[in-house]
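One structure below.
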Amino acid sequence: MSLSIKDDEIDIVIGALRPDLTSFMNEWRTIFSRFHLIIVKDPDLKEELKIPEGLNLDVYKKPDIDRVVGTSTSTIFSGYSCRYFGYLVSRKKYIISVDDDCYPAKDNKGILVDAVAQHITNLTTPATPFFFNTLYDPFTEGADFVRGYPFSLRSGVQCALSCGLWLNLADYDAPTQALKPEERNSRYVDAVLTVPARTLMPISGINIAFNREVIGPALLPSLRLGGEGKFRWETMEDIWSGMCVKVVCDHLGLGVKTGMPYVWRNDRGDAIASLRKEWEGVKLMEEVVPFFQSVRLSREATTTEDCVAEVANVVKEQLGSKDPMFARAAKAMVDWVKLWKSVGSSTSSPGA
Amino acid sequence: MAEPATATQAAAPAVALLKDELDIVIPTIRNLDFLEMWRPFFQPYHLIIVQDGDPSKTIKVPEGFDYELYNRNDINRILGPKSSCISFKDSACRCFGYMVSKKKYIFTIDDDCFVAKDPSGKAINALEQHIKNLLSPSTPFFFNTLYDPFREGADFVRGYPFSLREGVPTAASHGLWLNIPDYDAPTQLVKPLERNTRYVDAVLTIPKGTLFPMCGMNLAFNRELIGPAMYFGLMGDGQPIGRYDDMWAGWCTKVICDHLGLGVKTGLPYIFHSKASNPFVNLRKEYKGIYWQEEIIPFFQQAVLPKDCTTVPKCYIELAKQVKEKLSKVDPYFDKLADAMVTWIEAWDELNPIGPVPNGKAA
């Protein structure tokens with residue numbers, strides 16, 4: 001853990017889609033206990049939450065969400081999107097967010113991975129999006145920039161987002177997992193790397209961390225599949241949000257890292273059953289990817305909020321007519337920026 | 001990874017993949033003792049040794065290897081006046097080996113690179129991994145967060161468009177190094193004791209539009225797809241710069257691959273790099289490069305190749321033109337280099353006429 005980061009600069013936001021968080025909290029206790037937790041209960045979840053004692057946390061349920069944003073707006077926080085409410089009400093600089101079916105993983109030496117510490121390290125060391133370093137993260141112990149890496153690019157840029165990975169149940173889509181029902185990810189790749197500028201990727205919401213002050217409004221609930229469900233196989237909301245975040249980061253000169261930390265993702269659900277729902281999302285990506293690859297933001301967009309508003313506009317103009325889902329997503333993005341401005345704390349100007 | 005694998009630990013694979021389709025190109029001025037350690041992995045393959053330095057010296061090749069060897073006299077004889085494009089007193093001369101090869105694939109390795117061990121202690125067959133990398137597709141258009149989706153135990157992640165899952169042909173496979181990392185002279189001077197002990201179990205495609213520093217120590221490529229772009233420039237004797245040969249080839253190669261829709265992979269395999277070169281010598285060689293790369297890299301990042309450049313030689317000639325136009329003002333060296341790039345293509349075409357070529361050794 002970086003000595004200059006105080007524990008009270010961090011919020012850990014957990015979206016609760018299942019009521020019993022006992023084993024989740026107990027497994028994460030040693031890693032989470034120093035920090036403040038924000039638990040957001042899926043407003044659709046009927047059962048009471050079961051959370052063990054002894055942790056520093058705030059729990060938000062449907063009535064709380066209704067109170068803050070109004071009953072008509074609270075529907076945007078259904079399902080996995082409930083965590084965005086946590087991002088909205090947090091006042092901390094850094095947010096770390098993991099799904100409630102993920103547990104601490106062990107590294108190649110059998111040592112428990114402190115996912116929080118690794119995310120914070122990722123966020124507080126520079127990213128290097130303008131030129132690829134073949135030895136991966138040059139700021140990590142025992143590594144550096146390789147021969148041929150321009151010196152003018154070695155100070156890097158601020159890292160706004162840290163995308164972690166998953167052992168055991170990887171974040172595959174339903175068709176892939178259904179085709180290989182026994183496949184589990186057992187490969188621990190000991191690396192963090194910066195995703196190059198203008199390179200897009202599927203940013204999974206299962207295990208992420210970000211600098212809320214710099215990029216907060218760009219993580220947003222907007223794309224909702226018609227048949228969106230309560231398994232990750234049945235959603236694309238995070239993938240959509242992630243594309244927005246990367247485009248905004250690229251425009252503002254901020255970095256995105258991927259790789260460690262790993263979390264252990266428990267088996268849950270049935271890929272074949274989810275197939276029925278997720279084909280919708282799979283089809284959408286064929287449009288979504290080329291679209292985001294072509295988005296160029298204007299020079300006047302200098303804040304994250306401005307960037308998100310511009311992306312929303314382009315979504316409306318170019319994708320809105322292709323599918324009402326996109327038109328709704330565009331509107332949701334605009335509404336989110338307004339909501340962030342009124343409820344969320346403001347972002348600082350992103351530093352280079 | 002404290003030591004390299006010892007020769008007895010390296011076990012020959014049951015099947016030597018691409019045995020008759022791949023040449024191993026090794027530049028050397030010293031000796032080829034290191035081949036003894038690689039024997040179980042390399043022996044089935046044909047070697048092309050490019051001897052740099054004093055041609056009157058005899059380089060001993062260990063018994064049992066099938067090879068052809070070229071010294072400076074051979075290079076001059078074969079290329080005539082065009083031999084001016086091949087560097088002298090620099091390992092950049094290795095690209096002569098690429099030109100003279102008749103095989104589809106090339107693997108090139110430095111003579112101070114030994115067999116490495118993976119975390120389980122097993123000897124790494126670097127050549128086999130390079131071949132796997134080259135024979136499976138690349139995915140440059142969208143980044144897969146689980147790295148190479150074609151590896152055993154991995155796949156494309158949720159959100160990866162199905163239309164992009166076929167990938168594109170892989171033109172080059174860039175391996176890494178345990179022990180002595182490939183640092184530049186300033187970094188070596190500041191961290192003389194740093195050793196790379198981190199085994200990163202990943203192969204990944206370098207995304208389209210992203211440049212990287214390509215190291216020639218542990219590199220394989222599809223010669224038919226990208227060979228003519230692998231010119232290692234003018235380095236060494238009589239040149240103002242050294243240790244930028246592979247860098248130059250890498251930037252040209254990546255720009256051309258991006259233009260033609262070909263892939264470049266980096267990551268596994270690791271070799272064990274045993275010898276740290278003298279950082280003061282390196283500093284003298286690299287000195288100009290450290291300044292020039294500040295101009296060179298934006299040049300390559302902004303380089304656009306016209307649509308009618310549909311083959312690698314055409315792309316390369318066009319790049320040479322742009323180098324002359326835009327980089328000559330940085331230093332007259334680039335003017336010479338641009339000319340040498342053209343000479344290289346002319347020599348390549350001469351030695352590799354279109355049409356079926358017989359598999360044969362050097363004259």
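The values are calculated or read from the model by the stated rules, or taken from the named source; none is laboratory data. Since we're looking at a predicted model, the values are computed, not measured. Positions of Cβ are backbone-derived with ideal geometry, glycine not excepted, and every protein chain shown enters the neighbour counts.
Computed values, structure above
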{"quantity": "Sole exception among (1) within 14 Å of chain A (Cβ to nearest Cβ); (2) out of contact with any Leu (no Cβ under 6 Å at 6 or more places or on another chain); (3) buried (at least 19 other Cβ atoms within 10 Å of the Cβ); (4) without any contact (Cβ under 8 Å) to a residue 12 or more places away in the chain for B:Ile86, by number", "calculated": "(1)"}
{"quantity": "The stretch A:8-46 - residue that is surrounded by 13 or more Cβ atoms within 10 Å (Cβ to Cβ) and acidic (Asp, Glu) and, of those, farthest from A:Tyr262 (Cα to Cα)", "calculated": "A:Asp44"}
{"quantity": "Helices (runs of 4 or more DSSP H) within the stretch B:263-363 that include 1 or more residues among the aliphatic types (A, V, I, L, M) and loosely packed, with under 13 Cβ neighbours inside 10 Å", "calculated": "B:279-302"}
{"quantity": "In the stretch A:97-108, residue modelled with the highest pLDDT [restricted to those that are in a loop (DSSP other than H, G, I, E, B) and either facing chain B (nearest Cβ under 8 Å) or farther than 30 Å from A:Leu45 by Cα (or both)]", "calculated": "A:Asp107"}
{"quantity": "Residue satisfying condition, being within 12 Å of another protein chain (Cβ to nearest Cβ), in a loop (DSSP other than H, G, I, E, B), surrounded by fewer than 24 Cβ atoms within 10 Å (Cβ to Cβ) and small (Gly, Ala, Ser), within set B:Ser163, B:Ser120", "calculated": "B:Ser120"}
{"quantity": "Residue count for the stretch A:269-300, restricted to those that are loosely packed, with under 15 Cβ neighbours inside 10 Å, not in a helix (DSSP H, G or I) and not small (Gly, Ala, Ser)", "calculated": "4"}
{"quantity": "Test: residue in the stretch A:79-93 that is under 30 Å from B:Tyr244 (Cα atoms) and part of a loop (DSSP other than H, G, I, E, B)", "calculated": "no"}
{"quantity": "Residues of the stretch A:131-161 satisfying the condition of being away from chain B (no Cβ under 12 Å) and either within 17 Å of B:Met247 (Cβ to Cβ) or among the polar types (S, T, N, Q) (or both)", "calculated": "A:Ser155, A:Gln158"}
{"quantity": "Subset of the stretch B:186-195 [more than 7 Å from every other protein chain (Cβ to nearest Cβ) and either of a type in the set (S, T, N, Q) or touching a strand residue (DSSP E or B) at 6+ places or on another chain (Cβ under 8 Å) (or both)]", "calculated": "B:Gln188, B:Arg195"}
{"quantity": "The stretch B:235-255 - residue that is under 17 Å from B:Phe334 (Cβ atoms) and away from every other protein chain (no Cβ under 14 Å) and, of those, surrounded by the most Cβ atoms within 10 Å (Cβ to Cβ)", "calculated": "B:Gln239"}
{"quantity": "Conditions (1) under 20 Å from the mean Cα position of the chain (by Cα); (2) facing another protein chain (nearest Cβ under 7 Å): number failed by A:Leu169", "calculated": "(2)"}
{"quantity": "Which listed residue, of B:Phe212, B:Phe232, is more than 8 Å from every other protein chain (Cβ to nearest Cβ), in a loop (DSSP other than H, G, I, E, B), of a type in the set (Phe, Trp, Tyr) and in contact (Cβ under 8 Å) with a residue 40 or more places away in the chain", "calculated": "B:Phe232"}
{"quantity": "Failed criterion for B:Lys60 (all others in (1) closer than 16 Å to B:Ile75 by Cα; (2) modelled with pLDDT under 95 hold)", "calculated": "(1)"}
{"quantity": "The listed residue being part of a strand (DSSP E or B), out of contact with any helix residue (DSSP H, G or I) (no Cβ under 8 Å at 6 or more places or on another chain), on the phi < 0 side of the Ramachandran plot and within 13 Å of another protein chain (Cβ to nearest Cβ), out of B:Leu204, B:Leu219", "calculated": "B:Leu204"}
{"quantity": "The one condition in (1) in contact (Cβ under 8 Å) with a residue 12 or more places away in the chain; (2) out of contact with any Cys (no Cβ under 6 Å at 6 or more places or on another chain) that B:Arg77 fails to fulfil", "calculated": "(1)"}
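Conditions (1) farther than 16 Å from B:Gly263 by Cβ; (2) surrounded by fewer than 20 Cβ atoms within 10 Å (Cβ to Cβ); (3) of a type in the set (A, V, I, L, M, F, W, C), marked per residue:
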| site | (1), (2), (3) |
| --- | --- |
| B:Phe142 | no, no, yes |
| B:Arg151 | no, yes, no |
| B:Arg158 | yes, no, no |
| B:Ser173 | no, no, no |
| B:Trp177 | yes, no, yes |
| B:Tyr183 | yes, no, no |
| B:Leu219 | no, no, yes |
